[in-house]
Amino acid sequence: MYTEGIPGLSFFIYLLPCADALFTSLYSIVHIIISFNLRVKVKTLLKMESLAVELFKINAIKFGDYKTKVGLYTPVYFDLRVIISYPALMESLVQLMMEKIDIKNSKLVCGVPYTALPIATIISLKSKLPMVMRRKEAKSYGTKKLIEGVFSDGDSCLIIEDVVTSGSSILETVKDLKASGIVCSDAIVLLDREQGGKAFLAENGIIMHSILTMTELMRILFKRGFITAEIKATVDDYIASNKVKSESVAISLKEDRLKLSYIDRLQYAKNNVAKDLLSIMAKKQTNLCVAADLTIAADVLNLAEQVGPYICCLKTHIDIIEDFHPNFVRRLQEIAEMYEFILMEDRKFADIGKTVQMQYSKGVFNISSWATLVTVHSIFGKGVLDAISEVDLDRRRGVFLLAEASASGTLIDEKYTGETLKIASEYDDLIVGIVCQSPLFRDKPGFLQLTPGVQVGETEDNLGQQYNSPEKVIVEKGGDIAVVGRGITQSQDMRNEAKKYKDLLWAAYLKRIS
């Protein structure tokens with residue numbers, strides 16, 4: 001070949017064989033890297049499958065009809081608290097988490113209380129990263145800190161969680177960490193239920209990394225023969241059609257009625273009677289309302305004397321008193337003032353406005369003159385509330401609007417309840433709260449929830465009244481004030497029985513806000 005006069009060309013041709021060898025070597029190196037990455041990926045997938053199978057075997061995955069923290073019903077439930085009893089499984093889980101994310105980018109780790117705490121502890125030990133711990137409630141003594149551990153302003157923290165549905169638990173933890181000067185941007189979780197949590201966390205600046213998604217988990221269990229095609233299809237359909245709305249999750253990060261103390265809720269109440277009730281409840285440490293369903297005036301007065309020190313409210317049905325006299329209500333007012341509780345006439349007004357106005361302010365009972373609180377049905381619309389508002393404008397008064405009932409077979413449906421809540425929102429200067437059986441109005445801490453049907457050891461009477469335990473009414477059903485009737489009025493010692501209920505209900509309230 002003629003190359004004379006072309007500078008460097010001869011040298012280039014000389015190097016061609018060397019270049020060929022170099023390209024061959026580079027190809028080999030790339031092939032090795034790709035093969036290695038594939039082997040690592042396959043190995044990780046096998047670990048994930050093994051983890052999924054082990055979770056199923058230890059009964060951490062349950063199929064049936066369950067309710068999640070955010071109120072969604074689900075055909076599959078994950079009880080990952082059991083994994084603490086399986087050290088080998090815990091170690092496999094931690095290893096997968098540490099392979100999933102480069103935790104060296106963080107200076108701290110923090111587990112969302114409580115299930116994720118042991119996982120975070122093991123990650124801290126293996127990675128040598130310091131761990132901080134978030135309390136669900138501040139101590140009432142000592143430093144009163146929410147975040148325990150040693151850290152500095154600006155330290156970055158990796159959040160550890162077990163299962164994510166809405167992302168609210170992670171954001172509650174992030175909120176307290178940020179309040180202490182700690183920076184949060186990433187979270188590693190075992191299972192993403194794929195119901196909106198990942199997107200909601202991203203909206204709030206948190207990138208979520210998961211070991212398994214619910215779809216992947218179902219695929220693995222079906223492939224390994226642990227679940228049927230029908231179960232897999234049911235769960236797949238559930239994932240597709242049940243997403244948590246961001247606005248409902250945001251409640252937990254703002255003014256969640258169920259998480260705030262009665263004192264903290266005072267600032268949100270617009271009705272003066274609601275403020276009075278919250279103050280009494282906090283001062284006397286009681287959320288007990290006794291239903292005085294007795295027919296003799298002297299018996300009602302005796303009941304008021306006996307239970308007065310332990311209640312925030314006494315609920316009457318004035319039209320069942322067989323020997324009613326105006327002196328009766330005057331004495332009842334004196335007892336209420338003496339023991340600091342509020343009188344509520346459970347009249348459940350339900351008629352056209354003018355009729356209700358007369359029922360409220362006229363007649364032998366003259367309810368408006370002595371009952372600080374009354375109950376009202378919303379079935380006749382806003383006219384009932386307008387009628388009550390026009391009576392004795394200078395008097396402190398409030399209304400509990402009936403949104404749900406405790407009787408079996410009630411005709412009240414979701415539409416009725418929804419319309420009732422709308423009306424309540426429009427009359428927040430008159431409405432003290434709502435009567436219901438589920439945690440409604442979570443985003444309106446100025447309203448109180450009154451929940452009837454509380455009795456220890458009973459579930460239903462012969463006329464369809466449904467009963468629940470004190471803890472269930474306060475913690476699960478979201479009641480702020482629980483109504484107890486026959487559980488106290490039919491006891492041999494009404495005073496001690498009232499104290500017992502008062503203590504049980506208050507303990508449930510403390511548990512709820514913590």
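The values are calculated or read from the model by the stated rules, or taken from the named source; none is laboratory data. No experiment lies behind these values; they were computed from the predicted model shown. As a convention, Cβ positions derive from the backbone with ideal geometry for all residues, glycine included, and neighbour counts pool all protein chains shown. The protein model used for the area step is the full one, side chains on, heavy atoms only, and it has no ligands, DNA or RNA in it. Shrake-Rupley method; radii C 1.70, N 1.55, O 1.52, S 1.80 Å.
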Given Cβ charges of +1 for Lys and Arg and -1 for Asp and Glu, the option among Ile320, Thr165, Gly225 whose Cα lies farthest towards the positive end of the dipole of the chain is Gly225
Simple SL model, points at 7 angstrom along Cα→Cβ for Ile101 and Ser156; separation in nm is 1.1 nm
So the angle from the long Cα axis of helix 87-100 to the longest Cα principal axis of the chain, reported in degrees to the nearest 10, equals 70 degrees
FRET efficiency for Ala229 and Lys47 from the Cβ-Cβ distance with R0 = 22 Å, rounded to 0.05, comes out at 0.30
Rounded to whole Å², per residue accessible area for the chain with a 1.4 Å probe reads 49 Å²
Taking Cα pairs closer than 8 Å and at least 6 residues apart, the relative contact order of the chain in percent is 10 percent
Candidates for Rg and Dmax of the Cα atoms in Å are (i) 46.0, 159; (ii) 26.6, 92; (iii) 31.6, 131, and the calculated one carries label (iii)
Relative contact order in percent for segment 376-514 (Cα pairs under 8 Å, 6+ apart) equals 19 percent
Residues whose modelled amide H sits under 5 Å from the amide H of Asn468, counting only those 5 or more places away in sequence or on another chain, are Val454, Gln455
With every protein chain in place, the accessible area of Met208 for a 1.4 Å probe, in Å² rounded to the nearest 10, comes to 10 Å²
Treating only Lys and Arg (+1) and Asp and Glu (-1) as charged, each at its beta carbon, one finds that segment 49-110 has a dipole about its Cα centre, in Debye to the nearest 20, of 280 debye
Sites removed, the longest contiguous part of the chain containing no DSSP-loop GluC sites (Glu not before Pro) with at most 13 other Cβ within 10 Å is 138-321
If each part is reduced to its alpha-carbon centroid, segment 334-390 and segment 276-316 end up apart, in Å, by 18 Å
Treating only Lys and Arg (+1) and Asp and Glu (-1) as charged, each at its beta carbon, one finds that the chain has a dipole about its Cα centre, in Debye to the nearest 20, of 1280 debye
Projected onto the charge dipole of the chain (unit charges on the beta-carbon of Lys, Arg, Asp and Glu, signs +1, +1, -1, -1), the Cα from Met133, Asn105, Ser378 with the largest positive-side position is that of Asn105
Expected field for Ser241, accessible surface area in Å² at 1.4 Å probe radius, rounded to 10, holds 90 Å²
For Thr213 the rounded accessible area (nearest 10 Å², probe 1.4 Å, non-protein molecules ignored) is 20 Å²
Expressed as a percent, the accessible surface of the chain that is carbon or sulfur, using a 1.4 Å probe and the full set of protein chains, is 55 percent
Of Leu301, Leu505, ordered by accessible area with the largest first and a 1.4 Å probe, the sequence is Leu301, Leu505
The Kirkwood hydrodynamic radius of segment 271-376, taken as the inverse of the mean 1/r over all distinct Cα pairs, in Å, comes to 14.1 Å
Taking the chain and counting helices only, DSSP H stretches of n ≥ 4 at -39,500 (n - 2.57) each over all residues, the nearest-500 ellipticity at 222 nm comes to -13000 deg cm²/dmol
Applying the gyration tensor rule to the Cα atoms of segment 294-352 (axes a ≥ b ≥ c; rounded if a/c under 1.5, else prolate if a/b exceeds b/c, else oblate), the class is oblate
Candidate cut points under trypsin sites (Lys or Arg not before Pro) in segment 317-426, DSSP loop plus at most 14 other Cβ atoms within 10 Å of their own Cβ, are Lys362, Lys382, Arg395, Arg396
Projecting the Cα atoms of Met494, Ile431, Ser185 onto the charge dipole of the chain, where Lys and Arg contribute +1 and Asp and Glu -1 at Cβ, the residue farthest towards the positive end is Ser185
So, with points 7 Å from each Cα along the Cβ direction, the Lys511-Met90 label distance in nm works out to 2.5 nm
Rounded to the nearest 10, the angle in degrees between the Cα long axis of helix 297-307 and the longest principal axis of the Cα atoms of the chain comes to 40 degrees
Checked against a 26 Å limit on the C-alpha separation, the offending pairs among Lys104/Lys243; Lys47/Lys128; Lys315/Lys444; Lys67/Lys444; Lys67/Lys126; Lys198/Lys511 are Lys104/Lys243; Lys67/Lys126; Lys198/Lys511
Ignoring chymotrypsin sites (Phe, Trp or Tyr not before Pro) buried by more than 12 other Cβ within 10 Å or outside DSSP loops, the longest site-free run in the chain is 142-514
Relative contact order of segment 260-367 (C-alpha contacts under 8 Å, at least 6 apart) in percent is 23 percent
Rounded to the nearest 10, the angle in degrees between the Cα long axis of helix 326-339 and the longest principal axis of the Cα atoms of the chain comes to 40 degrees
